[in-house]
Amino acid sequence: MEIPYLDKFPPSLLFSPPLLFPQGEDNFTYCPATGLAKGNEHSQFAGWAFPFPGVFLTEEFISEDEESEIVELMDRDDWKPSQSGRKKQDYGPKVNFKKQRLKAGSFTGLPSFSKKIVAQMKACPVLGGFLPVEQCNLDYRPERGSAIDPHFDDWWLWGERLVSLNLLSKTVLSMSCDSEDSIQLFPTFSQENGELSPPGPFTQTSACKNSDGEGINCVLSPRLVPSKEVTVAVHLPRRSLVVLHGDARYKWKHAIYRKHIERRRVCVTFRELSAEFSAGGRHGELGKELLETALSFQGRPV
């Protein structure tokens, strides 16, 4: 069956040729208001979207004064060199993830200034029952070429929710997937003005416009693309809090590329215990001891 005006649409709306993307070039952007990853305007995925679960983002989680105080307290302690131009401060047990071994070592708890931050997290709907057992502060600077490659956080010791507070400057969290699976995209043109809007469940009919600007109904079936061809930008404003959980934690790797570090950035990441180290788990007693130490809020960097 011939589709009217098929020749009026760019090939990018109809076909999915394999692509190779330069490092740091995201082709979708996460929209916190809708929970969708929407195709970027100048990519071949413009006008397409897919649900991107597992990201919770709240802006202005702390005030400017609180931000200044926190960073000033951090800078009183030494920052240790880390990988890829970063510097770090760790508050947590000593862990060998490869051998799956850990010991409390010199861990004396999370820092005192984090007590208020952790208390404020209780207002976030996705953080019910969240008890951080580890805190890692990372310092990024453009002059050092600071970045972090795509990776998964460990899930032997750390639990489902990863919580990060973004300080001093905005950045972009780039999400990528190595899965052999495909992602189903849906057209997102609205009938009135062609702007992006959330698609209905498995919608196959979309309102489009021909070259004369006339509204027409055309059939655009959901489009399958390899997961490896998709990268999603999650924009993190200054002083925002982001939580990764579910698919965003276990299916999608996250990264920060050099091009997205424009000035000094400090990231404060909190991690909870996995089921294995929680009550009833194989190492539940050890986990309980670590939590008691962490939540004393009397720690110094290890």
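The values are calculated or read from the model by the stated rules, or taken from the named source; none is laboratory data. These numbers were taken from a predicted model, which means no experiment stands behind them. Backbone-built Cβ (ideal geometry, glycine too); neighbour counts: all protein chains shown. All accessible areas refer to the heavy atoms of the entire protein, side chains included, with ligands and DNA or RNA removed. Shrake-Rupley method; radii C 1.70, N 1.55, O 1.52, S 1.80 Å.
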Worksheet, complete the sentence: With label points set 7 Å from each Cα along the Cα-to-Cβ direction at residue 96 and residue 78, the distance between them in nm comes to 2.4 nm
Response to the item:
Hull surface over four for the Cα convex hull of the range 232-302, reported in nm², is 7.1 nm²
Worksheet item: Considering the Cα trace of the range 37-85, what is its radius of gyration and what is Dmax, both in angstroms?
Response: 18.8, 49
Fill in: Solvent-accessible ranking of 42, 151, 235, 254, largest area first, probe 1.4 Å
42, 235, 151, 254
Item to complete: Please compute the net charge surrounding residue 228, taking Lys and Arg as +1 and Asp and Glu as -1 over other residues with Cβ under 10 Å from its Cβ.
Response: -4
Discussion item. At 1.4 Å probe size, put 257, 140 in order of accessible surface, largest to smallest.
Written reply: 257, 140
Worksheet entry | chymotrypsin sites (Phe, Trp or Tyr not before Pro) restricted to DSSP loop in the range 87-132 with at most 14 other C-beta within 10 Å | 97
Discussion item. Based on alpha-carbon centroids, what's the gap between the range 98-126 and the range 258-281 in Å, whole number please?
Written reply: 10 Å
Discussion item. Straight-line reach only, C-alpha to C-alpha below 17 angstrom: list the lysines that residue 251 could link to, leaving out same-chain residues fewer than 8 apart.
Written reply: 228
Discussion item. Within 10 Å of each candidate Cβ there may be at most 16 other Cβ atoms; applying that plus a DSSP loop requirement, which trypsin sites (Lys or Arg not before Pro) in the range 129-185 survive?
Written reply: 170
Worksheet entry | Neighbour cut-off at most 10 other Cβ (10 Å), DSSP loop, GluC sites (Glu not before Pro), the range 106-190 | 180
